[in-house]
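Please read the structure below before turning to the comments.
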Amino acid sequence: MGGPVRWFIHNPIAANLLMVFLVIGGLFGLPALDKQFFPEFEINKVRVSLAYPGAGPREVEEQICQRIEEAVHDLTGVKEIRSKAREGMGEVVVEAEPGYDMQRLTAEVKTRVDAINTFPVDAERPVVTEMAFRHHMAIVTLAGDIGERNLKQLGERLRDDLSAQPDVSVVELDTPRPYELAVEISEVTLRRYGLTFDDVANAIRAASLNLPAGAIKDEGGDIRLQTRGQAYTGSDFARIPLMTRRDGTQMLLGEVATIVDGFQDVDVRNRFNDKPSLNMHVFVTSHPNTLATSERVKAWVESTRAGLPEGVELVMWRDSSDPFKARVDTLLKNGLGGLVLVFAVLVLFLRPLLAMWVCVGIGVAFMGTLFLLQYTGVSLNMISLFAFLLILGIVVDDAIIVGEAIHSRQSVGEAGANGALSGAQSVIKPVMFAVISTMIFFVPMFFMPGDMARAAMAIPVVVIIALALSLVECLLILPPHLAHMRPPRPSRFALLRFLESLRLRCADGMTRFASERYRPFLERCLRHNVLVSALFLCLLLVSLAIYAGGWIRAGFFPSVNSDYVEAEVELPEGGAFADSLAALRQIESAALRVKTRYNADPAYGGQQAIGHIDSRANESSLKVVMETQSEGVDTAALARDWRDAIGELGPVEDFNMDYTINERGKPIRLVLAAPEVAALNAVSEELRQVLESYPGVFNVNDSLQAPRQEIVLDLKPAAENLGITLADLARQVREAFYGAEAQRIPRTKEDVRVMVRYPEEERLSVANLQELRVRTPAGAQVPFATVAEMRFEPGYMTIERLDRKRTLEVSADVTEGASDPRAVVDDIVARYLPQWQQRYPGLTLALDGELEEEGAFMGAMLKYTALAMLAIYALMAIPFRSYFQPILVLTAVPFGVMGAIFGHLILNWQISMFSLLGVIACAGVVVNDNLVLIDRINQLRAAGHGVLEALGQAGQDRFRPIILTSLTTFIGLVPIMSETSVQAQFLIPMVTSLAFGVLFATGITLLLVPCLYLMGEQVARRLSRPRNAGLVVEES
C-alpha cells in the first residue's frame, strides 16, 4: 500500500477532499438513518392460531394443536414446533431453520392447515401469519370512572385518531373484554313454554337478518331487492317474535328472556392510577424515527387531553424514545469526555498538532461510518450506538501508531513528506494486519444463534466499517497532514512555552524510561525467559481459577436496574376471581402507600419519585407496574419496600418482584417432554425434589401445579333407551352453560356474538347442572341425573407441547453465590436424566430461558472464535513466513481475558455476554500491539541485528506507541466506567473487559512476547543442531 500512501502525501488536496467527503457524507447520512430503540430482525417463525370457543385445554390440544402439528411437522425447513392449548384457543408456532425462505414456509404451512377438514364444527377458521418484528414505541393509557362501555367507545375513537398520525403504523387497543349480546333464559321458562335453546337461536336467525334478493329489471333501470331486518341492539332483539300463542298473538323474545347488551363473561380487571383503564400500544413504521414519532404522539396526547370528559386521564408512558435519547446522551457525553482525556494524554508525549489530527481521525472515521450505514440496513439504535462506543478505543490506536512513527522519523531529521512517508511505510504492515485481524475477530458475530444475537448483528457491521475507514484515515489522510507540520518554534506566550516544556519533559522522560529502565529490565527477563513465561502462565491460571471458583459473579445477561418495578403473581388455577381482586387490591394499596412515602421524601429534592401505577388482573395472574420518575430512585430498594408493604398474600403459586431492565425470569428453567402425561407428572415431582436438594435453590415450581377440577360427563344406560346420544348431551350442556351462538352482528368495528344460555345465577354451581333437563328426540324432558352422570378429573389452564410431545416446565430461583445454575443443571443431566429416560422411554429434558440462550451462544462463540483465530493465524503466517510468529501475536488474546477477569474482580462487576464482547474488542487492540512489536523485531533482524539486540531495541523503539495506545484506550474509557446512569450499566462490563484487558496485556506485549520469541529461537536452534551441541545465542 506504499504507492497510495506516497500519492496522497504528494497530493494533500486529495486527502483533504476525501476527509471532507466523509464528514459531509456523515452529516447527510445521519438524518437518513432510521432511529429506534431496538433494531429490527427476522423472527423466523410462523404462527397458526385457531379459536375453539367454549373448549377446554385438553379438547383444544386433541382437536386443534395435534392436527396442525401432524400436518406441518414434515415440511422442509422446519426447525421446531411449539404449541399451546388454553381455554377456547389453540396456537402452534413453527420455527424455521436459519436462512430458510419465510414466505415459502408460510405459504406451505397455510396450504397444509387449510387442507385439514377434521377441525370441530364449532371451531373458527385458522389464521396463519408470519411473525414479524414490530417497533413498539409507547403506551398511551386512557383511564377514568365513566363506565366500561363509555371507556371502550372513547378508546376506540381515540385509537382511530391516533392511528392517523404520521409515522404511526398500528395502534392496538388492549381492551379488557369484547362486546357480547346475551339472551338469557332460565330453565323454568324453557320448561313452561316447551322451548329449547335451539328453538330460541333459530327464531333469532329467522328474524334478524339482512338479505339481498336480487333486482327487478324494468325500463327505468335496475331496482335492487333487499330484506333489512337485522337486529343490532338489545331492544331490537327484544322485539323478535319467538312463538305464536293459541290466541294468535305473538310472544316476543323480550317477554321470556333477559337480554344483556354488554360484554363477554371474562374475568379481567385493568386499572391505571386506581381508575379503570385500557391501553393503546403504539407501533411505528418499518423505517422509524423514534424521536420524531414520540414528539408527534406527545403533541397528540396534549391536544386530545383537553377535550376529554372530566376525570378522564390520557397518559403516554413507556416511551422508547426516552432510553434511546439517554443512550445517545451517554455516548456523546462519555465519548467526548474520553476524547478529551485521550487528547490530553497525547499532548503530554506528542506534539499538539499531531494529537489534534489523531483525534480528528476518530471523528472522520465515525462520520464516514454514519454515511455508509444507511446502505447496510442498520439503523441508529441502542445496539449500533453500543458498537460505536465499543470501537472508540480501537480506532484511535491505528492513528496513534502511524502518527507516532511519523513523529519519530521527523524528530530525527526526516522532515516533511519524506519523514511522513518513511514513518507511515514502517508501520503499514502491522497496522493493516491489525485492522484485518480485528475485523475477523468480529466476523463470528454474524453467525451467532438466537434472537439477541440476530439483534446484535449491527455490532460487527459498525465495527468493520469503522475499522476500514480508520485504516483509510490513518494511512491516506493523516500522513499528508503530518507531512506539512513545521518544526516546533518557541511561542510568544509564557503559558504555551510552559506547556511545551512540560510536553518535552514528559516525552523525554518516557524515552529515557524506555532506554534506562525498561530495556535493562527486559534484558534481565530475557536471561530468565523460562521463569518469566512460567510466572505469566501462573498468573493466567490464577485468573481462570478465580472465575471457575465463583469468586466473580457470572450470568449471561447483566442484572441492570430498570425505571419500573413489576409485581407478578401466579394464582392457583381454578380459583375465584374475587380472590384475584382481593390480592390485586392488597398489592395496589401497598403501592400507593409506598408511592406517597417516596414522593414525600426530601432526598429527591421535591421531585415526584414515583409516577404511574398500572395493574392487570385475570383469573390466573396479576401484574402491577410502578413507574419511577427520578434517576435517584434505587428500584432494587423500592422493590424491597413494596414487597414488605404488601405483606402476606393469600394462596398463590408464584410471586415475583422484578426491577431489572432485561426481565430475566428464573435462572433455572427446564422443559420436560414425554409422550405420556403420567411420565411427565412423575418425573416433574422427582425433579422438583432433586432441585430443592441443592444449596440456595428455592421457589421451585412447575407449569402443571395445582390442577383445577373438571367435570366429565358420561351417559347412563337409560339414555340409549330414550334415544339420547353423547353428542345430544354435550350439545345441550354446552348451550346451557357456554351458550348457543345464534349469530354474529357487525357493530363498532368488531363482530358481536349473540349468545343464548342460562342466566348467570343458574351457571354458578354443580347443583345448576344437576337441575338441567335433557330433551329427548321425541321432545320429552328428562332430569339430567336420569340419563347422565358426572365425575371429577384434574384439568389445567394451559397445555404446552414441543415437537409433538406434551411438555412441562420446572423452574427455580437460585440464591446468588450459593450455587451455579449451569452446574446444577449439568449435574442433573449427568446423574438423574439417564435413569429417568430408562424408566420412561421418549422422555427428554431441555433448557429454556437464559440457560438455553447462554448454552447456544457460548457453543457457537467458541466454535466461530476458534475458526476466526485460525484464519488470523493463516493471515499472519503467510506474510511473516513463519509458523511461530503468528502464535506470538495471538498469545495476547488469553492474557487479555486475564485482564478482563481481574478488572471485573476489582470493580465487582458481573461477567456477562457484554463482557465477552469487550474481550473480542480487547483482542483486536492487544493483537495490534503484538504485531507492531514483532514487525519491528523482524525489521531489525533483517538489518543484521542479533536476537537479543533486536529484542531489546525493538522493545525500546515500540515502547512509546504501545504505552500510548494502551494508555489512551484505558483513559478514554474511564468516563464510561465511572458512569452511574441506567443506560451505562449494560456498557460498563464491556468497557471493563476492554480497558483492563488492554492494560494487563501491555505487560504481555512488552515482556512476555520477547521472552517467548527468544524461547522459540532457542528451540529452533536446538532442533537444527546435533544433539551434543551446546546452545549459544549469539549477537551477530
Protection-proxy order for peptides 511-518, 32-39, each taking the mean of Cβ atoms within 10 Å per residue, highest first: 32-39, 511-518
Between helix 494-512 and the chain: long-axis angle, C-alpha atoms, 0 to 90°, nearest 10: 80
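Can you tell me which of 314-321, 216-223, 246-253, 836-843 comes out highest on packing, and rank the rest after it, using the mean Cβ neighbours within 10 Å?
Working: 314-321: 20.2, 216-223: 8.5, 246-253: 11.4, 836-843: 14.1.
Result, highest mean Cβ count within 10 Å first: 314-321, 836-843, 246-253, 216-223.
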From phi via Karplus (6.51, -1.76, 1.60), per-residue ³J(HN,Hα) for the stretch 943-952 in Hz, x at Gly/Pro: 7, x, 6, x, 4, 5, 5, 5, 5, x
Relative contact order of the stretch 822-973, defined on C-alpha pairs under 8 angstrom at six or more residues apart (%): 14
Relative contact order %, the stretch 180-263, counting alpha carbon pairs below 8 Å whose residues are six or more apart: 37
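Using per-residue counts of other Cβ atoms within 10 Å, averaged over each peptide, order 968-974, 538-544 from highest down.
Numbers: 968-974: 23.3, 538-544: 15.0.
The most tightly packed comes first, giving 968-974, 538-544.
Kindly work out what percent of the DSSP beta bridges joining two residues of the chain are antiparallel, to the nearest 5. Walk me through the intermediate numbers first.
Details: 122 of 130 bridges.
Among the beta bridges of the chain, antiparallel pairing accounts for roughly 95 percent.
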Taking 310, 627 and counting other C-beta atoms within 10 Å, the order from fewest to most: 310, 627
Table column - 3J(HN,Hα) (Hz), the stretch 374-379, Karplus curve with 6.51, -1.76, 1.60, x for Gly and Pro: 5, 9, 9, x, 8, 9
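My understanding is that a pair violates if its Cα-Cα distance is over 31 Å; which of 333/623; 666/749; 623/749; 79/749; 110/666; 35/152 do that in this structure? Kindly include the intermediate steps, with their values, before the conclusion.
Details: 333/623 36 Å; 666/749 41 Å; 623/749 29 Å; 79/749 38 Å; 110/666 36 Å; 35/152 33 Å.
Over 31 Å apart, Cα to Cα: 333/623; 666/749; 79/749; 110/666; 35/152.
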5 angstrom amide H check on residue 251, placed H, neighbours 5+ away: 242, 243, 244, 245
Gain on full stretching of the segment that runs from residue 949 to residue 333 - 0.36 nm per residue minus C-alpha separation: 217.2 nm
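Specify whether the C-alpha gyration tensor of the stretch 15-168 places it in the rounded, prolate or oblate class, a ≥ b ≥ c being the square roots of the eigenvalues: rounded for a/c under 1.5, otherwise prolate if a/b is larger than b/c and oblate if not.
Values: a/c = 3.65, a/b = 1.40, b/c = 2.60.
Oblate is the answer for the stretch 15-168, as a/c is 1.5 or above yet b/c matches or exceeds a/b.
Would you please give the FRET efficiency between residue 266 and residue 340, computed as 1/(1 + (r/R0)^6) with r the Cβ-Cβ distance and R0 = 51 Å, to the nearest 0.05?
Working: r = 59 Å, r/R0 = 1.16.
Rounded to the nearest 0.05, the efficiency is 0.30.
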Residue (of 687, 873, 288) at the positive-pole extreme of the chain, dipole from beta-carbon charges: 873
Derived scalar couplings ³J(HN,Hα) [the stretch 677-683; Karplus, 6.51 cos²θ - 1.76 cosθ + 1.60; whole Hz; x for Gly, Pro]: 5, 4, 5, 4, 4, 5, 5
Contact order relative to length of the chain, as percent, for alpha carbon pairs under 8 angstrom and 6 or more apart: 16
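In debye, nearest 20: dipole of the stretch 42-132 around its Cα centre with unit charges on the Cβ of K, R (+) and D, E (-)?
Numbers: 12 positive and 18 negative charges, 24 e Å.
Using Cβ point charges on Lys, Arg, Asp and Glu, the stretch 42-132 gives about 120 debye.
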Cα-based helix-to-principal-axis angle, 821-831 vs the chain, degrees rounded to 10: 70
Structure-derived percent of Cα pairs over 60 Å apart - corresponding label in (i) 52; (ii) 35; (iii) 26: (iii)
In nm, spacing of pseudo-spin labels at residue 538 and residue 815 (7 Å Cα→C-beta vector): 3.6
With Cα atoms, 0 to 90° folded angle of helix 290-305 axis to the chain main axis: 40
Mean-position separation - Cα centroids, the stretch 759-806 and the stretch 136-194, in angstrom: 30
For the stretch 562-660, Kirkwood radius (reciprocal of mean inverse C-alpha pair distance, Å): 13.7
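Readers should treat all values here as calculations from the given coordinates under stated rules, not as data from a laboratory. As the structure is a computational prediction, the values presented were derived from the model and not from experiment. Cβ sites come from the backbone with ideal geometry, for glycine too, and all protein chains shown count toward neighbours.
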